[in-house]
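Structure first, commentary second.
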Amino acid sequence: MTVMDWGGRGITGEIIFHYSTMLQISPSLCLSVPVSDPVLDVRCLQNGSAKISCWVENGTDPSIYLTVSGELEVYNVTSSERTVRVTVPPVSPPHSWNIRCSAKNHISERSTNQTQDACPVPLSDITVTSSCLPDGSAEAECLVNGSYQSYSWSLDGRSVSSHRRVTLPPPVSGTLHCDVTNQINNLSRSINISCAVPVSDPVLDVRCLQNGSAEISCWVENGTDPSIYLTVSGELEVYNVTSSERTVRVTVPPVSPPHSWNIRCSAKNNISERSTNQTQDACPVPVSDPVLDVRCLQNGSAEISCWVEIGTDPSIYLTVNGGLEVYNVTSSERTVRVTVPPVSPPHSWNIRCSARNKISERSTNQTQDPCPDDYVCECS
């Protein structure tokens, strides 16, 4: 206890007033220690939760307040001890936590702030989904709960992506595997995937054969399980062909006289259909054997005809030689006719008729007696 006196005197020095006060100081107050800076400690647990501790090294009768926020509820804890501990549940997707620890007593207050990444959450519930696209490609997605995922995709053992979602170009078929990891664990899942590829434009090919027929082929470069339909018309019967293979071939018989062919090839499967049209000149038909005909006229001359029954664009050459001059006749028609004058004295005629076109040549030979002259007078 302490007694304090004070007062005042006048000009002459006499005491005008006097006060006396007693001040009592508590020993415990003199011994109180201010709080030190709070110490924060964050430890992640295997399940993704966190154990947060806060304490002070020094301080008389500290009260400690711990606040954790980061899209989590707020924790306010008061403790008469020097340490506060709380367990924060997992957060997925993870967020950073804003942590504040305050300590105070009767004579001081201190605080510590810390921004802490949320603890990684173990991976769980992995699911792989996939879908086929109209162009034959595929999309797949790997869905998993947990934090800080790292992805790895493979198709039949071949690495294809490192993202959560993957697009696979056609053709797509095989075993698709998704592997996901984070700091805590690893999960994987495989699925079998197969996507139909749309058919490409059919390719037509026409090849003429020696006999005037044509081999027509139609195929597709791409497409899953294509069916191919080939139609050829041009005063010909129609060919409809279905094939589970990629190529269809038909042989079209010769056409004489030739006509153009309207060719259509269609290819389709479960997801698409394409077609190709082509107008094709019919293949040239080889010439047949020339036919010779000799007719005698009244004046002893002869009409010689030569023609071919079959053949595309034939040229015909007729030669008559028997003491007569040679006749060489070329015609784009199928028949040649010449008139040979009378021969006196008569000789036999060596007649040769040749027919040819771009792909063949045939000939016919004939020895013919000259025609009698009915009007020749025998005079003595």
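Below are the figures for this structure:
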item	result
Total residues in region 104-122, condition in a loop (DSSP other than H, G, I, E, B) and open to solvent by 40 Å² or more (accessible area, probe 1.4 Å)	2
Cβ-Cβ under 6 Å pairs, at least 6 apart or on other chains, region 98-116 side over 16 Å from VAL88 (Cβ atoms), far side open to solvent by 30 Å² or more (accessible area, probe 1.4 Å) and β-branched (Val, Ile, Thr)	ASN105/THR60
Inter-residue pairs, beta-carbon under 9 Å, first without any contact (Cβ under 8 Å) to a residue 12 or more places away in the chain and in region 196-208, second of a type outside the set (Ser, Thr, Tyr), 6+ apart	ARG207/ALA214; ARG207/GLU215; ARG207/ILE216; ARG207/CYS283
Cross-chain or 6+ apart pairs with Cβ under 7 Å, region 133-148 first and open to solvent by less than 70 Å² (accessible area, probe 1.4 Å), then in a loop (DSSP other than H, G, I, E, B) and among the basic types (Lys, Arg)	GLU141/ARG164; CYS142/ARG164
Hits in region 156-170 (condition: part of a strand (DSSP E or B) and either touching a residue at least 24 places away in the same chain (Cβ under 8 Å) or of a type in the set (Asp, Glu) (or both))	ARG165, VAL166, THR167, LEU168
Selection from region 171-193 of residues that are within 15 Å of the chain's Cα centre (by Cα) and touching a residue at least 40 places away in the same chain (Cβ under 8 Å)	PRO171, VAL172, ILE193
Given (1) open to solvent by 30 Å² or more (accessible area, probe 1.4 Å); (2) at pLDDT below 85, index of the condition TRP261 fails	(1)
Matching entry among ASN186, ASN240 (being out of contact with any His (no Cβ under 9 Å at 6 or more places or on another chain), open to solvent by 70 Å² or more (accessible area, probe 1.4 Å) and modelled with pLDDT of 90 or more)	ASN186
Residue selected from region 78-103 under the condition open to solvent by 10 Å² or more (accessible area, probe 1.4 Å) and either among the charged types (D, E, K, R) or under 12 Å from PRO38 (Cβ atoms) (or both), by the criterion modelled with the lowest pLDDT	SER79
Residue among ASP125, ASP135 that is part of a loop (DSSP other than H, G, I, E, B) and of a type outside the set (Phe, Trp, Tyr)	ASP135
Region 276-310, residues that are of a type in the set (Gly, Ala, Ser) and either touching an Asp or Glu at 6+ places or on another chain (Cβ under 8 Å) or open to solvent by 80 Å² or more (accessible area, probe 1.4 Å) (or both)	SER288, GLY300, SER305
Count of residues meeting criterion [assigned to a loop (DSSP other than H, G, I, E, B), under 19 Å from ASN357 (Cβ atoms) and in contact with a strand residue (DSSP E or B) (Cβ under 6 Å, 6 or more places away or on another chain)] in region 283-305	4
Selection status of PRO169, surrounded by 13 or more Cβ atoms within 10 Å (Cβ to Cβ) and of a type outside the set (Val, Ile, Thr)	no
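The values are calculated or read from the model by the stated rules, or taken from the named source; none is laboratory data. Here the structure is a predicted model, which means the values were calculated and not measured. Neighbour counts run over all protein chains shown; Cβ positions are idealised from the backbone, glycine included. The area values use the complete protein model at the heavy-atom level, side chains included, leaving out ligands, DNA and RNA. Shrake-Rupley method; radii C 1.70, N 1.55, O 1.52, S 1.80 Å.
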